[in-house]
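The values are calculated or read from the model by the stated rules, or taken from the named source; none is laboratory data. In this text the structure is predicted, and so the values were computed from the model without any measurement. Methodologically, a virtual Cβ is constructed for each residue, glycine included, from the backbone with ideal geometry; neighbour enumeration extends over all protein chains shown. Areas reflect the complete protein model, heavy atoms only, side chains present, ligands, DNA and RNA absent. Shrake-Rupley method; radii C 1.70, N 1.55, O 1.52, S 1.80 Å.
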Amino acid sequence: PSLAGVGAERWWRLCARDGADFGPLKAHPELVSLLAARTAPQKAYVRANMAMPTLTMAACLYGFGSAWAAVVAFHLISCILMPSAYVVACAGLDGAARLYAAFFVDLRSQLTWGAFYFVWVGAVGLLLYRALRDFVPPDTTPLIELGITPDPTTLLLFSLYFSVVNPVLEELFWRGFLSLVLGAGERHLLAASAAYALYHGLV
């Protein structure tokens, strides 16, 4: 359910029942409750924010032919600027600062586990690449068309950015921001999942 229809305490219980866990933000239910998309303008803004990743990617990939521009624009517009503007508009600067501080209170633990899985998955990926590269020759034509030259430095920089920065910002947007403003109701989850699938289908 959305916070618009139920009290903050009951909303937390229902989110826990549905498997949504907002961790340290539970210490600030009065601030989180301010983020619920209650009014028509708020709902319209959130819908526009959900559609923005797909629109940004489509414009940059097919309009400008640049993978770098697509990824950076997606992060800046959809994952940082639009959600931050919404949070500040709803909770104020002080409330937004308290929410962000609470959200990142266990950042050290998250980064530790993230680094562990990054190394693990990266090692497995490199082993698979070395084992299969003779059977599946890489085709660099699509990369060149999107502005990524196949030289080692460019590929390394793009790979690191896309595999380290991108997943963090994506999760904060799709599973953090949208979950907070929409709640854990089935209708809202379906809407966010549809936007998520459309964006990744395009990518």
**Complete:** Scanning the stretch 127-147 for residues that are hydrophobic (A, V, I, L, M, F, W, C) and open to solvent by less than 70 Å² (accessible area, probe 1.4 Å), the one modelled with the highest pLDDT turns out to be A131
**Asked** Of everything in the stretch 63-85 that's farther than 22 Å from S163 by Cα and without any contact (Cβ under 8 Å) to a residue 24 or more places away in the chain, which residue is most open to solvent (accessible area, probe 1.4 Å)?
**Response** F64
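Residues to consider are V105, V124, V119, V88; find the one that is in contact with a helix residue (DSSP H, G or I) (Cβ under 6 Å, 6 or more places away or on another chain), modelled with pLDDT of 85 or more and surrounded by 10 or more Cβ atoms within 10 Å (Cβ to Cβ).
Among V105, V124, V119, V88, only V88 is in contact with a helix residue (DSSP H, G or I) (Cβ under 6 Å, 6 or more places away or on another chain), modelled with pLDDT of 85 or more and surrounded by 10 or more Cβ atoms within 10 Å (Cβ to Cβ).
Does the stretch 28-68 hold any residues that are of a type in the set (S, T, N, Q) and either outside any helix (DSSP H, G or I) or more than 15 Å from L178 (Cα to Cα) (or both), and which are they? Don't jump to the end; show me each part of the working.
So in the stretch 28-68, the residues of a type in the set (S, T, N, Q) come out as 33, 39, 42, 49, 54, 56, 66.
Of everything in the stretch 28-68, those that are of a type in the set (S, T, N, Q) and either outside any helix (DSSP H, G or I) or more than 15 Å from L178 (Cα to Cα) (or both) turn out to be T39, T54, T56, S66.
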